[in-house]
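Worksheet for the structure shown next.
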Amino acid sequence: MIPYYIIFYFIALVASLVTFKKYFDTPLKIFPLLIAYTFFNEILGYFVLFYEEFSFFDEEEYSWHTVIIYNIYDIFFYTYLYWLYYKLLKDAKNRLLVKVFAAITLVAVLISLFFQDPFHSGLYFANCLACIFIIIIISLHFQQLYRLNKTQPSRYNHMIWFNIGMLVFHFFYPFYVLNGYHNVEFFLEYNLRLILWWAISIMYVFFIIGFLLGKRPYFG
């Protein structure tokens, strides 16, 4: 069965295209492409997981492994996030910090490749580090938006909803993935996968709200 949260990808994609004129000249303009990539990546993962003819490997024990497509996806995902916030942050020190975080993340990915097989294991240490960096960057962006709050009603700002959605995911994901690899009994007992699906769904609900409520004059 295809995970139910994929429907939120589709709804968000439709909402992003219908409201594209609201943000077509902002750094968020690339986001619909990322949503589409996410949607089709999940569909591919489903077929690889449940249909042998879509497997990436000849070995039967690896026929269901889909992690490589998610490792590739993570590279595009975090590259976009770093680029997005670099464009949005106004303070030179904050923009430099984004570049430093991006460089450290790249180094962490390269180091992970020496210790983990990207075809069969998620590069979760690098991803967890990226999650921490994104949380910090979003905090800096919230501070910037707070200074503009008198003239920038938050409910009309796409990025308020985008930031909240990203925080929902990035606060939970390190807890999820570290337990998934290093505390499997806890992971299974509390069904952290289902909680992750809920976190993803909530994240995309915030994205959808942002697309629907956002107005170009208040983007920031």
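With point charges of +1 on the Cβ of Lys and Arg and -1 on the Cβ of Asp and Glu, referenced to the Cα centre of the stretch 116-219, which listed residue (203, 131, 148) lies farthest in the positive direction of the dipole?
148
Student exercise: in the chain, how many lysine pairs 8 or more apart or on different chains have Cα atoms under 23 Å apart?
Lysine pairs, 8 or more places apart or on different chains, close enough: 18.
Accessible surface of residue 182 in the full protein assembly, 1.4 angstrom probe, to the nearest 10 Å²?
The value for residue 182 is about 120 Å².
Take each complete run of DSSP H in the chain, measure how far its Cα atoms stretch along the helix's own axis, and keep only those covering 27 Å or more with mean Kyte-Doolittle hydropathy at least 1.0; list them.
On the way: long enough: 31-50 (29 Å, 1.59); 67-88 (31 Å, 0.80); 92-115 (35 Å, 1.80); 124-147 (35 Å, 1.41); 158-182 (37 Å, 0.76); 192-213 (31 Å, 2.23).
Qualifying helices, which must be both long enough and hydrophobic enough, are 31-50, 92-115, 124-147, 192-213.
Between the stretch 127-188 and the stretch 4-39, how far is it from one alpha carbon centroid to the other, in angstrom?
18 Å
Which of 162, 220, 176 sits farthest toward the positive end of the charge dipole of the stretch 119-220, with +1 on the Cβ of Lys and Arg and -1 on the Cβ of Asp and Glu?
Positive-most Cα among the choices belongs to 220.
How many Å² of accessible area per residue for the stretch 83-219, probe 1.4 Å?
Details: 7500 Å² over 137 residues.
Per residue, the stretch 83-219 has 55 Å² of solvent-accessible surface.
Given charges of +1 on the Cβ of Lys and Arg and -1 on the Cβ of Asp and Glu, with all other atoms neutral, how large is the dipole of the chain about its Cα centre, in debye to the nearest 20?
Working: 14 positive and 13 negative charges, 429 e Å.
For the chain, the charge dipole is close to 2060 debye.
Taking R0 as 22 Å, what's the FRET efficiency between residue 193 and residue 11 from their Cβ-Cβ distance, rounded to 0.05?
Values: r = 22 Å, r/R0 = 0.98.
The calculated FRET efficiency here is 0.55.
Enumerate the calculated ³J(HN,Hα) couplings along the stretch 214-220 in order (Karplus 6.51 cos²θ - 1.76 cosθ + 1.60, θ = phi - 60°), each rounded to whole Hz, writing x wherever the residue is Gly or Pro.
Residue by residue, the stretch 214-220 yields x, 10, 3, x, 9, 5, x Hz.
Take the chain, mark every one of the trypsin sites (Lys or Arg not before Pro) that falls in a DSSP loop and has at most 14 other Cβ within 10 Å, then report the longest stretch left between them, sites excluded. Show your work: numbers first, answer last.
Values: sites that count: 90, 150, 215.
Maximal segment without exposed cleavage sites: 1-89.
When a/c reaches 1.5 or more, the comparison of a/b and b/c decides; with that in mind, is the stretch 71-220 rounded, prolate or oblate per its Cα gyration tensor? Show your work: numbers first, answer last.
On the way: a/c = 2.58, a/b = 1.47, b/c = 1.75.
Here the stretch 71-220 falls in the oblate category.
Can you pull the percent of the chain's accessible area that's carbon plus sulfur, 1.4 Å probe, other chains left in place?
70 percent
Suppose a student asked you for the relative contact order of the chain, using Cα pairs under 8 Å spaced at least 6 residues apart; what percent would you report? It would help to have the intermediate numbers written out before the result.
Numbers: 228 pairs, mean separation 54.5, N = 220.
Computed value for the chain: 25 percent relative contact order.
The values are calculated or read from the model by the stated rules, or taken from the named source; none is laboratory data. A quick note: this is a predicted structure, and the numbers were derived from the prediction, not measured. Neighbour counts are summed over all protein chains in view; Cβ atoms, including those assigned to glycine, are modelled from backbone coordinates with ideal geometry. Ligands, DNA and RNA are excluded from the accessible area calculation, which covers all protein heavy atoms including side chains. Shrake-Rupley method; radii C 1.70, N 1.55, O 1.52, S 1.80 Å.
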